[in-house]
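All remarks here apply to the structure that follows.
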Amino acid sequence: MNSKKEHPCQQVSISEDSYTIIEKEQLAKRTICKMIIEAPLIARKARAGQFIILRVNETGERVPMTITEKDPAKGTITIYFQVVGKTTALMRNMKVGERFKDVVGPLGQPDEIEKIGKVVMVGGGTGTAVLYHITQAYRALDNYLVGIIGARDKDLIILQKEMGALCDELIVTTDDGSSGQKGLVTEALNNYLKTSHDVRLVWAIGPLAMMKAVSAITRPFQIKTMVSLNPIMVDGTGMCGCCRVTVGGKIRFACVDGPSFNGHLVDYDELLKRKGMYLNQERESLLFSVR
Amino acid sequence: MEQKTQAEKINRQKMPEQNVSSRIRNFDEVPLGYDPQTAQREASRCIMCKNPKCVEGCPVEIDIPAFVKLIKEGKFLEAIYKIKEKNALPAVCGRVCPQEDQCEKMCLLGLKGEPVGIGNLERFAADYEYTQPLAEVKKPTSPTGHKAAVVGSGPSGLTVAADLALLGHEVTIFEALHEPGGVLIYGIPEFRLPKAIVKREIDYLKSLGVKVFNNMIIGKIFTVDELFDRGFEAVYLGVGAGLPVFMGIPGENLNGILSANEFLSRVNLMKGYEFPDTDTPVYVGNHVAVIGGGNVAMDCARTSLRLGAKRVTVLYRRSRREMPARLDEVIRAEEEGIIFHYLTNPIRYLSNEQNWVKAIECIRMELAEPDESGRRNVIPIAGSEQTIEFDTVLVAVGAGANPVLSSTTPDLKLNSRGYYIADPVTGLTSKPRVFAGGDIVTGSATVISAMGAGRRSAQAIHKMLMGIQDTPTTD
Ligand SMILES: Cc1cc2nc3c(=O)[nH]c(=O)nc-3n(C[C@H](O)[C@H](O)[C@H](O)COP(=O)(O)OP(=O)(O)OC[C@H]3O[C@@H](n4cnc5c(N)ncnc54)[C@H](O)[C@@H]3O)c2cc1C
Ligand SMILES: Cc1cc2nc3c(=O)[nH]c(=O)nc-3n(C[C@H](O)[C@H](O)[C@H](O)COP(=O)(O)OP(=O)(O)OC[C@H]3O[C@@H](n4cnc5c(N)ncnc54)[C@H](O)[C@@H]3O)c2cc1C
Ligand code: FES
């Protein structure tokens, strides 16, 4: 009823997507990997802020990954992942032409993107990849975009060229000063907000500590701040409650109510602790993994 | 007459079980099944009532005396075909149905002694079939050319799919998870319902020509309307009650506190009990508390034990009599050493420095007089608070309606709790050509009631597709 009829050319036939890896590229000293995956049905539907859950093989864990780019015409989606544990290590070893066992999506609430004026997009580490799709959507609505992206050193910065092309201003920071400003993205943001008074919205995606810090910076300026949370997930459909986070004193399930939330309302400390819950076992998993 | 006296002499045949000390260390099935002789002996206890009450107790009206008689005569395959006329998943139902509240409750033998082991016999017949070379499967009637979509592959979706396929319709199942089966796969543990059985049932469906697409969440990848755009002429929603309920008490987000769904999914769906051979970790500490008193709570408790917990305690706010779990499962849990604290309700969780739960503050409850509905409410006894140490808490206090599909289907009417409103006979919802049944309509219920709903909807969908009169319409 309220759904628009799909245009016939968008009618991808319903068959199990092959989830074949079409392209693969190692970035940031091999700590981050970019992959283009064939998933025509998902590519057709994915909107900024949404993610997939994938499994490498029959015994694999269900791992959430943000859809960084999509190409409905080609029927592909792009993910950027950081190698942090067993599954992401296995993924890095996969070759072009190989298939994922399962990919489900698009998951999560698409972000409501509007034309509002000046928006600052803050990306830390792999968070920049998550931010990229959202930045594209704000660009499409002709907002004034200020990008602030950062990493430890210049080799770990990703998507600099792409973000540069989307943003009206781009600030790059590195902890060691090897590229752009020396320091953290949060410092760059703080300085920017002190001089520019027409910022309507801040998006911050990166490590939890960074999102927490950004939210603390923007609060006194009373600038609405959105963050994208990544608690541990299992099903991604709202069935297990593993991904629950406290936002504004209420329990929300990040997989269906998020993953984006108003950063000023998130209980970061609780989330930080919850993410450590399986740490010992994840180490064991890595230890026992083949490579 | 002679039959009758003979029947009364034989006691109900016990089904052999794995002994307690070994079963609490493995995930293999606990009851081991009847051998043919035992099954025949048990079947011979049936007094073949003229007006069999047991059939009335069966939500799908299996011709129980007929199949029991066939078993008695050694015609085991015929017995299973008789059951399958009414029940597409007998190997599942023989294991998990609450027979004590259904067919066996009505059995006349139960008045004086023990009822016929109808569930055990159903299981026997179903298992027997699998030991035989694949018999001729019932072939669908000639194709009708009509297309139906089934959303969700729990017992209710599987039943609709099988029935519609047999009637010659082209059926496609869309399942959100990476494996079909619903609660049968992600919820009920291996030691109660081996997953191989569920897989066999799915294979049977596929042999009927049913297409099963995993990893497809309706409401996300397609809306219900988009399914119609793609040529489906009817949609059945059997999406279950997949939303975990928390109690909303302080400390519930501490580490070590999981919903039953999360715990059981990690173990069953993700095979966490084989970690690290599989990649999904599942944590169980030394002292596990399970909150709740239903089947889900029993499954959590017995699973924790098998994962190595030293002490597992069920906290239930009413008394043993009110526990909704199947009595068999309660007894097995007790045999396995699960501790039960009745009339006890958690009010607050306490944590250690690492944000892990370390204890539960509980309060004693007392049963109030039964209300009009006969249900006994509980009231907390002031001043009875006590603190018990636990390092893992599994919350199994019920389930709710998952909004993922309904939130994208605005013309689907819901009740105040978010469940879909559907016609009790046909399953038709407020949205034309959309039917629903199972837990998403009734709230958490049973496998067999979900199947019964599926069966009735299949008939209604068939009539609608074929334009047979008394077609349900919403106009
Ligand atoms: C909605 C969402 C979107 C995400 N998008 C991306 C993305 O685009 N790119 C990307 O690289 N990562 C993303 N993540 C994080 C990614 O899912 C995890 O890094 C991944 O699950 C780790 O799997 P592993 O087996 O390699 O590591 P594990 O061995 O499972 O864990 C290793 C380390 O990663 C941490 N970890 C485990 N699960 C998660 C998790 N869900 N989120 C964050 N850290 C976790 C553990 O605490 C541990 O420290 C996203 C997570 C969510 C919830
Ligand atoms: C741990 C546990 C133990 C139980 N023990 C017993 C027992 O011993 N005896 C008994 O009779 N009953 C038992 N029950 C209850 C019984 O399992 C349920 O009543 C029954 O499974 C309901 O069937 P259903 O088909 O309605 O839904 P479900 O079995 O819940 O299946 C619904 C399916 O739909 C899928 N789905 C949901 N949303 C979507 C969507 N948007 N798109 C696509 N797919 C979707 C889900 O992933 C799921 O696979 C138990 C339940 C649990 C949780
Ligand atoms: S991951 Fe299970 S509810 Fe969100």
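The table that follows gives values for the structure above.
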quantity: C-alpha long axis of helix A:127-140 to longest principal axis of chain A, angle in °; calculated: 80
quantity: Anisotropy class of segment B:28-110 from Cα gyration tensor, a/c 1.5 cut; calculated: rounded
quantity: Proximal charge balance of B:Leu177 [Cβ under 10 Å; K/R count +1, D/E count -1]; calculated: -3
quantity: Two-decimal Rg to Rh for segment A:3-107 - Kirkwood Rh, Cα set; calculated: 0.97
quantity: In Å, descending, principal axis extents of the Cα set of segment B:178-320; calculated: 54, 33, 32
quantity: Charge tally in the Cβ shell below 11 Å around B:Ala401, where Lys, Arg are +1 and Asp, Glu are -1, B:Ala401 excluded; calculated: 0
quantity: Choice from A:Lys70, A:Lys86, A:Lys273 showing the highest fluctuation, given a GNM over chain A with Cα pairs closer than 10 Å; calculated: A:Lys273
quantity: Residue exposure sequence - A:Phe81, A:Phe221 - by fewest surrounding Cβ within 10 Å; calculated: A:Phe221, A:Phe81
quantity: Per-pair calculated FRET efficiency, R0 = 41 Å: B:Arg200 and B:Ile468 via Cβ, rounded to 0.05; calculated: 0.80
quantity: Tensor-based shape of chain A (alpha-carbon gyration tensor, a/c under 1.5 rounded, otherwise prolate or oblate); calculated: rounded
quantity: Viscosity 1.567 mPa s, temperature 4 °C, Stokes-Einstein D of chain B from Kirkwood C-alpha radius, µm²/s; calculated: 55
quantity: FRET efficiency, 1/(1 + (r/R0)^6) with R0 51 Å, evaluated for B:Asn26 and A:Lys161 via beta carbons; calculated: 0.35
quantity: Distance between segment B:101-150 and segment B:13-70 - C-alpha centres, whole angstrom; calculated: 11
quantity: Inter-site label distance for B:Ile347 and B:Ser319 at 7 Å from Cα along Cβ, in nm; calculated: 2.2
quantity: Separation of the B:Glu56 and B:Asp328 label points, Cα + 7 Å toward Cβ, nm; calculated: 2.4
quantity: Where labels lie 7 Å past Cα in the beta-carbon direction, separation of B:Arg41 and B:Lys14 in nm; calculated: 1.2
quantity: Relative packing of peptides B:449-461, B:392-404 - highest average C-beta neighbours within 10 Å first; calculated: B:449-461, B:392-404
quantity: Cα-based shape type of segment A:229-278, given that a ≥ b ≥ c are square roots of the gyration tensor eigenvalues and the cut on a/c is 1.5; calculated: oblate
quantity: Whichever lysines have a C-alpha closer than 21 Å to that of B:Lys139, once near sequence neighbours (fewer than 8 apart) are set aside; calculated: B:Lys82, B:Lys84, B:Lys86, B:Lys147, B:Lys199, B:Lys206, B:Lys211, B:Lys463
quantity: Shielding by partners - mean other protein chain Cβ count within 10 Å, residues of B:234-247; calculated: 2
quantity: Chain B, dipole about Cα centre (Lys/Arg Cβ +1, Asp/Glu Cβ -1), debye to the nearest 20; calculated: 740
quantity: Cα centroid separation, segment B:403-474 to segment A:96-142 (Å); calculated: 36
quantity: Burial ordering of B:Arg321, B:Arg311, fewest other beta-carbon atoms within 10 Å first; calculated: B:Arg321, B:Arg311
quantity: Alpha carbon centroid spacing (whole Å) that separates segment B:350-397 from segment A:199-216; calculated: 39
quantity: Calculated FRET value between A:Glu169 and A:Lys115, using beta carbons and R₀ = 30 Å, to 0.05; calculated: 0.95
quantity: Packing-based exposure ordering (other Cβ within 10 Å, fewest first) of A:Arg219, B:Arg326; calculated: A:Arg219, B:Arg326
quantity: Phi to ³J(HN,Hα) by Karplus 6.51 cos²θ - 1.76 cosθ + 1.60 over segment B:230-247, Hz, x for Gly, Pro; calculated: 8, x, 6, 9, 8, 10, 10, 9, x, 8, x, 9, x, 9, x, 9, 10, 8
quantity: Counted charge near B:Tyr349, where neighbours are those whose Cβ lies closer than 15 Å (Asp, Glu -1; Lys, Arg +1); calculated: -2
quantity: MRE, 222 nm, helices only [DSSP H, n ≥ 4, -39500 (n - 2.57), over chain B, to nearest 500]; calculated: -9000 deg cm²/dmol
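Read the figures in this text as sums done on the coordinates, not as results from a lab. Owing to the predicted nature of the structure, the values given are computational and were not obtained by experimental measurement. Ideal geometry is used to build each Cβ from the backbone, glycine not excepted, and the neighbour counts take in all protein chains shown.
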